[in-house]
Amino acid sequence: MAGRFEGLSNLEWSLFKGIFLKPPEKREPGMPHSSFRYVLTNLLYILISGCR
């Protein structure tokens with residue numbers, strides 16, 4: 001059964017923040033960088049809510 005996901009709170013994000021690498025200072029041309037918090041929130045949403 002699918003659950004309800006409200007997003008990461010600041011406290012929850014502080015627990016995950018340490019496992020991600022620092023974003024590079026200078027980026028090459030290409031797609032813009034997405035924040036790790038945004039990516040993690042969307043992955044958790046998919047896992048918790050059960051959407052495809």
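Here are some notes:
- Filtered residues of the stretch 19-47 (kept if within 10 Å of the chain's Cα centre (by Cα) and among the charged types (D, E, K, R)): Arg37
- Ile48 falls short on exactly one of the conditions (1) modelled with pLDDT of 85 or more; (2) β-branched (Val, Ile, Thr); (3) surrounded by 11 or more Cβ atoms within 10 Å (Cβ to Cβ), and that condition is (1).
- Hey, Phe16 of a type outside the set (Ser, Thr, Tyr), surrounded by 10 or more Cβ atoms within 10 Å (Cβ to Cβ), part of a loop (DSSP other than H, G, I, E, B) and within 16 Å of the chain's Cα centre (by Cα) or not: no
- Hits in the stretch 1-13 (condition: modelled with pLDDT under 80 and loosely packed, with under 10 Cβ neighbours inside 10 Å): Met1, Ala2, Gly3, Arg4, Glu6
- Here Arg52 passes the criteria (1) touching a helix residue (DSSP H, G or I) at 6+ places or on another chain (Cβ under 6 Å); (2) without any contact (Cβ under 8 Å) to a residue 40 or more places away in the chain; (3) in a loop (DSSP other than H, G, I, E, B) except the one numbered (1).
Here is a yes/no grid of residues against (1) among the hydrophobic types (A, V, I, L, M, F, W, C); (2) in a loop (DSSP other than H, G, I, E, B):
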{"residue": "Glu12", "(1), (2)": "no, no"}
{"residue": "His33", "(1), (2)": "no, yes"}
{"residue": "Arg37", "(1), (2)": "no, no"}
{"residue": "Ile48", "(1), (2)": "yes, no"}
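The values are calculated or read from the model by the stated rules, or taken from the named source; none is laboratory data. All figures in this text were calculated on a predicted structure; none of them were measured in a lab. As a convention, Cβ positions derive from the backbone with ideal geometry for all residues, glycine included, and neighbour counts pool all protein chains shown.
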